[in-house]
């Protein structure tokens, strides 16, 4: 279990701009927390990079579709 409540300032969370409400991050805050969590995973675990693996190509297509959906909303 990782508790980031005491680390919000160190990962750059700006409460007026990065919160959706009193207890939920908005998309900008979620990006900051995701980046911090990704850095933690990279530092503590040896994870295989699948970005150029054809077996995971659908993930790239799904990402592009999600981005297009965000633009249309």
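The values are calculated or read from the model by the stated rules, or taken from the named source; none is laboratory data. Because the structure is predicted, anything quoted here is derived from the model rather than measured. Methodologically, a virtual Cβ is constructed for each residue, glycine included, from the backbone with ideal geometry; neighbour enumeration extends over all protein chains shown.
Taking region 1-21 as the range and being outside any loop (DSSP other than H, G, I, E, B), surrounded by fewer than 10 Cβ atoms within 10 Å (Cβ to Cβ) and out of contact with any helix residue (DSSP H, G or I) (no Cβ under 7 Å at 6 or more places or on another chain) as the test, the residues that pass are 5, 6, 16, 21.
Residues in region 22-41 that are over 22 Å from residue 67 (Cβ atoms) and either at pLDDT below 95 or assigned to a loop (DSSP other than H, G, I, E, B) (or both): 22, 23. Listed by first and then second residue, the pairs linking a residue in region 44-73 that is at negative phi and at pLDDT 90 or above to a residue that is surrounded by 10 or more Cβ atoms within 10 Å (Cβ to Cβ) and part of a helix (DSSP H, G or I), with Cβ atoms under 6 Å apart and 6 or more places separating them unless they lie on different chains, are 50/56.
Of 29, 12, 38, all but one fail to be at positive phi and without any contact (Cβ under 8 Å) to a residue 60 or more places away in the chain; the exception is 12.
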